[in-house]
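S.K.: Attaching a single structure in structure tokens format; questions to follow.
The values are calculated or read from the model by the stated rules, or taken from the named source; none is laboratory data. Keep in mind that what you see is a predicted model, and the values were worked out from it rather than measured. Cβ coordinates were reconstructed from backbone atoms using ideal geometry, including for glycine residues, and neighbour counts include every protein chain displayed. Areas reflect the complete protein model, heavy atoms only, side chains present, ligands, DNA and RNA absent. Shrake-Rupley method; radii C 1.70, N 1.55, O 1.52, S 1.80 Å.
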Amino acid sequence: MRIALARPRPRRTARLLFGALLTAALAFSVSGTATAAIDKGDFTANARTDVYIKDIASDTGLEPHGAIYSSFFNSPDIKICPTAVECASHTNPVVGSTSYIFVNLRNNGPYGSGISNGTLRAYYTTSGGAANWPMNWTPIGSKTLPVAPGVTTTSIAWPNVPSIGHFCLLLRWESATDPMLFEGTSTSINTQYNNNIAWKNANTVPAGGSGVISDRPFAMANALAEPAPFDLAFRPLGEPAPGVKIVADLGPELFERWRAAGGQGEGIQVVGRSAVQVVDPNKAQIKGLLIKPEERPVVKLSFTTSQALQKAYTLQVVQVGPASKLGESFDVGGVDYTFEPRKG
């Protein structure tokens, strides 16, 4: 579904978004901490600018971008490079090194025009599903610059990459003439409903067929005001790769909560004291993981390949929110894991 937003009446647009979707997606952002909607009509046609960063490849800057069930957490306009020279594709940062975050700032958004002056800010958090704003995010750095009409590519240095090893990135364009529509505690809703916020969650997993286990942390969170059940869904993007074994270790506390709630799921089986193995990657889900507000449990994902891959394979792991009063559940964040064939 794509919602077309009329440029001359942004205040009415904001009211419609809150009124129509409050009980569904926006419930995560209005649990007592969301800021008031900003009247974008306060700016004259000449003063209002609109820089945006794509959430998905087809994003044209409309708020929301109209793809609730898409990888809004893997922006194609953000990539990490190992040097100050822009690289061809996103790479994982090396712990202890200086990496560079390259961002495309697009100054042809639908809500304004003209040169935009502002500050680009970068943040990181543990790789995973939901993340609450601002408490789960750590600043990396910022850059103040003018952005002329068209596409401006700039970078922010990330010195001494910390030892967490696998990250989510959040980029925010902040400008007096290009304000946020609104903001709450849910990073996913903030990202989809503000075109100057973008999220990058992507990891590579070596898949050389050696049987070596690759562990990745997957942090979960709850932006609501009370405990709520979330699902962990596994979604292959394309045909599943042969010989890939996936195990999710929930940890003792989260596992016991899950078992106490009935231990529901599909395409999975319990292995060990607190772990669940994916046995059907086409439809695997761990259902009803109870997450409390302001906590961030980390699930350890382990990937093993028993044979060498012939081509890259991407698996999406997504945290899915509790069903709303409308009976719908929404993705609240996730990570795209790409299994890469052995090089050479």
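S.K.: Which of the numbered conditions does G141 fail, given that it passes all the others? Conditions: (1) under 23 Å from I101 (Cβ atoms); (2) of a type in the set (G, A, S); (3) modelled with pLDDT under 95.
M.R.: (3)
S.K.: Turning to a different aspect of this structure: Which residues, taken from segment 105-145, are of a type in the set (G, A, S) and in contact with a helix residue (DSSP H, G or I) (Cβ under 6 Å, 6 or more places away or on another chain)? Before the answer, list the steps.
M.R.: Filtering segment 105-145 down to residues of a type in the set (G, A, S) leaves 109, 112-114, 116, 118, 122, 127-131, 141-142.
Listed by number, the list holds a single entry, A131.
S.K.: Follow-up question, since we're still on this one. Any residue that is open to solvent by 60 Å² or more (accessible area, probe 1.4 Å), closer than 23 Å to L169 by Cα, touching a strand residue (DSSP E or B) at 6+ places or on another chain (Cβ under 6 Å) and modelled with pLDDT under 95 - is there at least one of those in segment 224-244? Show your work before the answer.
M.R.: Kept after step one, since they are open to solvent by 60 Å² or more (accessible area, probe 1.4 Å), are these residues of segment 224-244: 225-227, 229, 235, 237, 239, 242.
Remaining after also requiring closer than 23 Å to L169 by Cα: 235, 237.
Cutting the leftovers down to touching a strand residue (DSSP E or B) at 6+ places or on another chain (Cβ under 6 Å) gives us 235, 237.
Retained after the next criterion (residues that are modelled with pLDDT under 95): 235, 237.
Yes, segment 224-244 has at least one match.
S.K.: Scan segment 285-298 for residues that are open to solvent by 60 Å² or more (accessible area, probe 1.4 Å) and of a type in the set (V, I, T) and report the count.
M.R.: Taking segment 285-298 first, the residues open to solvent by 60 Å² or more (accessible area, probe 1.4 Å) are 287, 290, 292, 294, 298.
The next check asks that each one be of a type in the set (V, I, T); those that pass are 298.
The qualifying residues number 1.
S.K.: For segment 195-223, enumerate the residues that are surrounded by fewer than 24 Cβ atoms within 10 Å (Cβ to Cβ), at pLDDT below 95 and not in a strand (DSSP E or B).
M.R.: G208, G209, S210, G211, V212, I213
S.K.: Identify, by number, the condition in (1) farther than 30 Å from K300 by Cα; (2) hydrophobic (A, V, I, L, M, F, W, C); (3) touching a Cys at 6+ places or on another chain (Cβ under 7 Å) that V147 doesn't meet.
M.R.: Here V147 clears every test but (3).
S.K.: Could you list, in sequence order, the residues of segment 280-318 that are within 20 Å of K245 (Cβ to Cβ), touching a Gly at 6+ places or on another chain (Cβ under 6 Å) and without any contact (Cβ under 8 Å) to a residue 60 or more places away in the chain?
M.R.: Of everything in segment 280-318, those that are within 20 Å of K245 (Cβ to Cβ), touching a Gly at 6+ places or on another chain (Cβ under 6 Å) and without any contact (Cβ under 8 Å) to a residue 60 or more places away in the chain turn out to be D280, K283, A284, Q285, I286.
S.K.: Then there is this: Any chance you could count how many residues in segment 101-123 are crowded, with 21+ Cβ neighbours inside 10 Å and either in contact with a Pro (Cβ under 6 Å, 6 or more places away or on another chain) or assigned to a strand (DSSP E or B) (or both)?
M.R.: Total satisfying the criteria: 10.
S.K.: Give the residue that is nearest to the chain's Cα centre (by Cα), with candidates limited to residues of segment 124-156 that are hydroxyl-bearing (S, T, Y) and open to solvent by less than 50 Å² (accessible area, probe 1.4 Å). Walk me through it before giving the result.
M.R.: To start, the set of residues in segment 124-156 that are hydroxyl-bearing (S, T, Y) comprises 124-127, 138, 142, 144, 152-155.
This time we only want the ones that are open to solvent by less than 50 Å² (accessible area, probe 1.4 Å), so: 124-127, 152, 154-155.
On the way: Y124: 11, T125: 11, T126: 11, S127: 9, T152: 23, T154: 21, S155: 20 Å.
Checked segment 124-156; the qualifying residue nearest to the chain's Cα centre (by Cα) is S127.
S.K.: Among the residues of segment 157-166, is there at least one that is among the hydroxyl-bearing types (S, T, Y) and either assigned to a strand (DSSP E or B) or surrounded by fewer than 19 Cβ atoms within 10 Å (Cβ to Cβ) (or both)?
M.R.: First pass over segment 157-166, keeping only residues among the hydroxyl-bearing types (S, T, Y): 163.
When the remaining residues are screened for being either assigned to a strand (DSSP E or B) or surrounded by fewer than 19 Cβ atoms within 10 Å (Cβ to Cβ) (or both), the result is 163.
Looking for residues that are among the hydroxyl-bearing types (S, T, Y) and either assigned to a strand (DSSP E or B) or surrounded by fewer than 19 Cβ atoms within 10 Å (Cβ to Cβ) (or both), one finds at least one in segment 157-166, hence yes.
S.K.: Which members of segment 64-108 meet the condition of being small (G, A, S) and either modelled with pLDDT under 85 or on the phi > 0 side of the Ramachandran plot (or both)? Please lay out each step first, then the result.
M.R.: Taking segment 64-108 and keeping what is small (G, A, S), we get 66-67, 70-71, 75, 84, 88-89, 96-97, 99.
Selection gives G66, A67, S70, S71, G96.
S.K.: Of all residues being open to solvent by less than 70 Å² (accessible area, probe 1.4 Å) and hydrophobic (A, V, I, L, M, F, W, C) in segment 250-263, which is farthest from K300 (Cα to Cα)? Just the residue, please.
M.R.: First, the residues of segment 250-263 that are open to solvent by less than 70 Å² (accessible area, probe 1.4 Å): 250-251, 254-255, 257-258, 261-263.
Within this subset, residues satisfying the condition of being hydrophobic (A, V, I, L, M, F, W, C) are 250, 254-255, 258, 261.
Numbers: L250: 7, L254: 12, F255: 12, W258: 15, A261: 21 Å.
Going through the qualifying residues, I end up with A261.
S.K.: Restricting to segment 264-284, count the residues that are open to solvent by less than 30 Å² (accessible area, probe 1.4 Å), part of a loop (DSSP other than H, G, I, E, B) and either closer than 17 Å to G321 by Cα or touching a helix residue (DSSP H, G or I) at 6+ places or on another chain (Cβ under 9 Å) (or both). I'd like the intermediate steps shown before the answer.
M.R.: Step one: list which residues in segment 264-284 are open to solvent by less than 30 Å² (accessible area, probe 1.4 Å), which gives 267, 274-276, 278, 284.
Subsequent filtering for residues that are part of a loop (DSSP other than H, G, I, E, B) retains 267, 274, 284.
This time we only want the ones that are either closer than 17 Å to G321 by Cα or touching a helix residue (DSSP H, G or I) at 6+ places or on another chain (Cβ under 9 Å) (or both), so: 274, 284.
Final tally of qualifying residues: 2.
S.K.: Name every residue in segment 169-187 that is more than 10 Å from R121 (Cα to Cα) and open to solvent by 10 Å² or more (accessible area, probe 1.4 Å), in order of residue number. Break it down into steps so the answer makes sense when it comes.
M.R.: Residues of segment 169-187 more than 10 Å from R121 (Cα to Cα): 169, 175-187.
Within segment 169-187, S175, A176, T177, P179, M180, E183, T185 qualify.
S.K.: May I ask you to list the residues in segment 240-263 that are of a type in the set (A, V, I, L, M), farther than 13 Å from Y313 by Cα and not in a loop (DSSP other than H, G, I, E, B)?
M.R.: Here is the first cut: in segment 240-263, the ones of a type in the set (A, V, I, L, M) are 241, 244, 246-248, 250, 254, 260-261.
Retained after the next criterion (residues that are farther than 13 Å from Y313 by Cα): 246-248, 250, 254, 260-261.
I246, V247, A248, L254, A260, listed by residue number.
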